Each structure stands twice: as structure tokens, then as C-alpha cells.
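Report on the structure given below.
The values are calculated or read from the model by the stated rules, or taken from the named source; none is laboratory data. All of these numbers come straight from a predicted model, not from anything done at the bench. Every residue, glycine among them, receives a Cβ derived from its backbone with ideal geometry; neighbour counts consider all protein chains shown.
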Amino acid sequence: MSEVKRGVVRFSVSLPPGLVKEFDNIWTSIGYENRSKAIHDAMRTFISEFKWTQMETERVAGAVLILYYLDKPGLLEKIVEIQHKFKDIISSTTHIHLEEDKCLEIIAVNGKVSEIKSLAEKLMAKKGVKQVKVAVIAP
Ligand code: NI
């Protein structure tokens with residue numbers, strides 16, 4: 001149930017107390033004035049986190065983060081090969097040597113959602129790739 005008044009919607013939600021406590025601790029420590037503003041921003045973040053995945057033909061810009069270990073033979077070559085196939089949407093790649101055998105790459109992307117998803121999925125599917133994260137913004 002929700003109630004619309006002067007441009008705002010009021011609604012009640014049921015949440016586990018622990019989650020609410022943690023949420024309240026965070027927004028108060030950041031300096032938010034009230035919970036409504038914090039929830040407003042959290043909803044905006046949630047929307048921007050997932051909305052782009054449904055806009056297959058739209059263009060977005062952002063980064064694909066990939067974490068991998070060098071213990072799999074040929075992995076580096078495969079990662080480079082995948083990136084070459086997507087050169088039209090990749091602006092640049094930054095390689096960070098985290099540890100002796102652990103690397104992080106930040107792949108800057110600018111292109112169609114379907115292409116960025118495809119790049120992320122291809123990277124994810126490679127053995128030795130530990131984590132892939134996509135962060136994009138619809139301009
Ligand atoms: Ni490295």
C-alpha cells in the first residue's frame with residue numbers, strides 16, 4: 001500500500017532489524033540528515049546498477065573490472081585475445097599487478113549494452129578468472 005501526497009509517495013516496508021540497524025549506522029556516519037534521503041539515494045543506486053542490463057541496444061560507458069591469477073597457462077593471451085575482438089567498444093585497459101601471480105585489469109568501455117555484456121560474459125567464462133564486475137553509467 002502506498003499513499004501519494006504532494007509529489008512524494010509514502011510506503012511501508014518490512015525488513016529484518018539487523019539490516020535496518022546496519023543501514024542506519026551507515027547513513028548516519030556518512031552524515032545524511034534523514035533515512036528518507038538515504039533510501040532515496042539507495043534506490044537510485046539500485047536502479048542505475050541494474051537498469052542498464054535491460055537496455056540491450058542503448059549505449060553506455062564505464063568499466064569492466066577483471067581479477068585473475070596467472071596460474072592458468074595461456075590465460076593472459078586469452079584475455080588479450082577477447083579484448084581484441086571487442087576493440088570497438090574498449091577505449092583503454094589498465095593492468096594492475098596486485099601480487100606475484102594476481103592481476104586486476106580495468107577495461108574502459110563505451111558502447112552498446114549487449115556488446116559490453118557479451119565482453120563481460122566471455123571474460124567470466126575463462127578458467128582462472130576469479131571475478132568480473134561491470135560498472136556503467138548511461139550518459
Ligand atoms: Ni600483472
### Query
Got at least one residue in the range 83-103 being within 26 Å of Ala125 (Cβ to Cβ), within 16 Å of the ligand (Cβ to nearest atom) and in contact with a His (Cβ under 9 Å, 6 or more places away or on another chain)?
yes
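Residues in the range 51-82 that are of a type in the set (Asp, Glu) and under 14 Å from Ala120 (Cβ atoms): how many?
First, pick out the residues of the range 51-82 that are of a type in the set (Asp, Glu): 56, 58, 71, 77, 81.
Now drop any that are not under 14 Å from Ala120 (Cβ atoms), which leaves 56.
Adding up the residues that qualify gives 1.
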### the range 65-94, subset surrounded by fewer than 11 Cβ atoms within 10 Å (Cβ to Cβ) and more than 21 Å from the chain's Cα centre (by Cα), residue nearest to Leu119 (Cα to Cα)
His84
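Residue check: is Ser14 more than 16 Å from the ligand (Cβ to nearest atom) and either assigned to a helix (DSSP H, G or I) or closer than 21 Å to Ala138 by Cα (or both)? I'd like the intermediate steps shown before the answer.
Working: more than 16 Å from the ligand (Cβ to nearest atom): yes; either assigned to a helix (DSSP H, G or I) or closer than 21 Å to Ala138 by Cα (or both): no.
So Ser14 does not fit the description; no.
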### Task
Go through the range 57-76 and give me each residue that's within 16 Å of the ligand (Cβ to nearest atom) and modelled with pLDDT under 95.
Tyr69, Leu70, Asp71, Lys72, Pro73, Gly74, Leu75, Leu76
### Query
So is Lys21 more than 20 Å from Ile116 (Cα to Cα), in contact with a helix residue (DSSP H, G or I) (Cβ under 9 Å, 6 or more places away or on another chain) and either outside the structural domain of Thr93 (by TED's automatic domain parsing) or in a strand (DSSP E or B) (or both) or not?
no
